[in-house]
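Working notes for the structure below.
The values are calculated or read from the model by the stated rules, or taken from the named source; none is laboratory data. On a predicted model such as this, the values are computed, not experimentally measured, just so you know. Note: ideal-geometry Cβ built from the backbone for every residue, glycine included; neighbour counts use all protein chains shown. Note: accessible area is taken over every heavy atom of the protein model, side chains too, but ligands, DNA and RNA are not part of it. Shrake-Rupley method; radii C 1.70, N 1.55, O 1.52, S 1.80 Å.
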Amino acid sequence: MDIVKLGIAGVYDLDPERARTVGWEAGAPPMPLEELIVASDAIVVATPADAHHEVAMAAMRAGRHVLIEKPIASTLAEADALAAMALDQDLVLQVGHLERFSAAHGAVTGRMGKPLYIEAVRVAPFKLRGTDVSVILDLMIHDLDLVLALVDAPIESVDAVGAIVSSAHEDIANARVRFTNGCVSRTAS
């Protein structure tokens, strides 16, 4: 049996000092994006959301698989283009909805029967990080993903509201999702 050694080929960041620091921490050299793509079998895109489309498309044009942090892109059109490119090139394009794979989620789902009501609230002081997209795409998406994984029924209706308070996108949001099996969830971020 062949042993496959997995590792990080390199690290790219617009800020060369940050690239050196992260590269040192990860045990991988900093390198220009084009060289990193050539040196890799797959790319992890962990940039501000407005750069996801450009970086992921460059990687897929070079035939590389992509794991992209959420949100997949800043717009639906960009997300659709990424999905089409992955399908066309027969590449894996995965969005990092990693909360579903946490130990806490595993413990809850192992004990849960048929949920009737789910409430998820994420409230924290305002931080500039993540303001390039709405709180819905930055944080609430995790809770909505978990709810959809927990409830084995189609969605019947959604009532939602968001408001812009301190940035250019929704900073607060509340969503109530009703499922055909009677379960109701409320998420707030």
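Remark: ARG100 matches the filter, which requires a residue to be surrounded by 14 or more Cβ atoms within 10 Å (Cβ to Cβ), in contact (Cβ under 8 Å) with a residue 40 or more places away in the chain and within 24 Å of ALA46 (Cα to Cα).
Check whether at least one residue in the range 122-130 is under 24 Å from ARG186 (Cβ atoms), open to solvent by less than 30 Å² (accessible area, probe 1.4 Å) and in contact (Cβ under 8 Å) with a residue 40 or more places away in the chain, and report yes or no.
So in the range 122-130, the residues under 24 Å from ARG186 (Cβ atoms) come out as 122-127, 130.
With the extra rule that they be open to solvent by less than 30 Å² (accessible area, probe 1.4 Å), the set shrinks to 130.
Subset that is in contact (Cβ under 8 Å) with a residue 40 or more places away in the chain: none.
No: zero hits.
Taking GLU78, is it surrounded by fewer than 18 Cβ atoms within 10 Å (Cβ to Cβ), among the charged types (D, E, K, R) and within 30 Å of MET60 (Cα to Cα)? Answer is no for this residue. Would you point out which residue out of GLU35, GLU69 is open to solvent by 60 Å² or more (accessible area, probe 1.4 Å), closer than 14 Å to VAL95 by Cβ and out of contact with any Pro (no Cβ under 9 Å at 6 or more places or on another chain)? Only one candidate passes the filter, namely GLU69. The number of residues in the range 8-20 being open to solvent by 70 Å² or more (accessible area, probe 1.4 Å) and either touching a residue at least 12 places away in the same chain (Cβ under 8 Å) or in a loop (DSSP other than H, G, I, E, B) (or both) comes to 5.
Considering only the range 142-173, state which residues are assigned to a strand (DSSP E or B) and touching a helix residue (DSSP H, G or I) at 6+ places or on another chain (Cβ under 9 Å). Give the steps one after another, and end with the answer.
As a first pass, look at the range 142-173 and keep what is assigned to a strand (DSSP E or B): 155-163, 172-173.
Once the filter is applied, which keeps residues that are assigned to a strand (DSSP E or B) and touching a helix residue (DSSP H, G or I) at 6+ places or on another chain (Cβ under 9 Å), the range 142-173 yields ILE155, ALA160, GLY162, ILE172, ALA173.
Residues that are among the hydroxyl-bearing types (Ser, Thr, Tyr) number at least 1 in the following strands (runs of 3 or more DSSP E) confined to the range 64-132: 117-121. Considered as a group, the residues in the range 174-189 that are in a loop (DSSP other than H, G, I, E, B) and in contact (Cβ under 8 Å) with a residue 40 or more places away in the chain include one that is surrounded by the most Cβ atoms within 10 Å (Cβ to Cβ), and that residue is SER189. Taking the criterion of being surrounded by 14 or more Cβ atoms within 10 Å (Cβ to Cβ) and part of a loop (DSSP other than H, G, I, E, B), the residues of the range 21-32 that qualify are ALA28, PRO29, MET31.
Could you tell me whether any residue of the range 55-63 is farther than 22 Å from ILE136 by Cα, open to solvent by 60 Å² or more (accessible area, probe 1.4 Å), modelled with pLDDT of 95 or more and assigned to a helix (DSSP H, G or I)? Scanning the range 55-63, I find at least one residue that is farther than 22 Å from ILE136 by Cα, open to solvent by 60 Å² or more (accessible area, probe 1.4 Å), modelled with pLDDT of 95 or more and assigned to a helix (DSSP H, G or I), so the answer is yes.
Kindly indicate whether ASP41 is in contact (Cβ under 8 Å) with a residue 24 or more places away in the chain, open to solvent by 100 Å² or more (accessible area, probe 1.4 Å) and more than 19 Å from HIS97 (Cα to Cα). Before the answer, list the steps.
Details: in contact (Cβ under 8 Å) with a residue 24 or more places away in the chain: yes; open to solvent by 100 Å² or more (accessible area, probe 1.4 Å): yes; more than 19 Å from HIS97 (Cα to Cα): yes.
Answer is yes for this residue.
Listed by first and then second residue, the pairs linking a residue in the range 83-96 that is in contact (Cβ under 8 Å) with a residue 12 or more places away in the chain to a residue that is open to solvent by less than 50 Å² (accessible area, probe 1.4 Å) and not hydrophobic (A, V, I, L, M, F, W, C), with Cβ atoms under 6 Å apart and 6 or more places separating them unless they lie on different chains, are VAL95/LYS70; GLY96/LYS70.
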